[in-house]
Amino acid sequence: MNGNNSTTKSVGQNIRALRIQSGLSLKEAANHLGISTSSLSKIETGITDANLSRLEQIAHIFGVPLIQLWDPDIKNDGLLDSKLTIAKKKVFDLESEIAVFQRKVIFLYEKLHKQAGEFNHARV
């Protein structure tokens, strides 16, 4: 990713706001992350783009869901958990439907293969 894009700067600004809100200095937050203060400063200013594992670590340190680094207005009020539960159920249901279709395809393939064998045997 390009460290100069507006999303990176926005995420960096949100990280800085969370750090200040948490009462941590740049040095303290950097120590928690195991990185230099200059590295964290570059993330906060959007000069450096953090990878996903680093963003997960930052979210964990500030006790917020990862999505909140992009949208600080999203709070962990259970709505995210509810939507996640619904999405997981939909995925499970779709996977179940796929399994049913796979079994039908296998059954039809075996039936067709058997009929083809009987047809070839009858021709001989």
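The values are calculated or read from the model by the stated rules, or taken from the named source; none is laboratory data. Because the structure is a prediction, the values reported are computed rather than measured. Because the Cβ atoms are built from the backbone with ideal geometry, glycine has one as well, and the counts that use them run over all protein chains shown.
Here are some notes:
- The single condition from (1) farther than 23 Å from residue 21 by Cβ; (2) not in a helix (DSSP H, G or I) that residue 49 fails is (1).
Here's the yes/no breakdown for (1) assigned by TED's automatic domain parsing to the domain that holds residue 13; (2) surrounded by 14 or more Cβ atoms within 10 Å (Cβ to Cβ); (3) under 13 Å from residue 11 (Cβ atoms):
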site: 26; (1), (2), (3): yes, yes, no
site: 34; (1), (2), (3): yes, no, no
site: 49; (1), (2), (3): yes, yes, yes
site: 58; (1), (2), (3): yes, yes, yes
site: 82; (1), (2), (3): no, no, no
site: 102; (1), (2), (3): no, no, no
site: 108; (1), (2), (3): no, no, no
site: 117; (1), (2), (3): no, no, no
site: 123; (1), (2), (3): no, no, no
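- Yes/no for residue 88 being outside the structural domain of residue 23 (by TED's automatic domain parsing) and either modelled with pLDDT of 85 or more or under 30 Å from residue 13 (Cα atoms) (or both): no
- Checked across segment 44-55, the condition of being touching a residue at least 24 places away in the same chain (Cβ under 8 Å), polar (S, T, N, Q) and farther than 14 Å from residue 72 by Cα holds for at least one residue.
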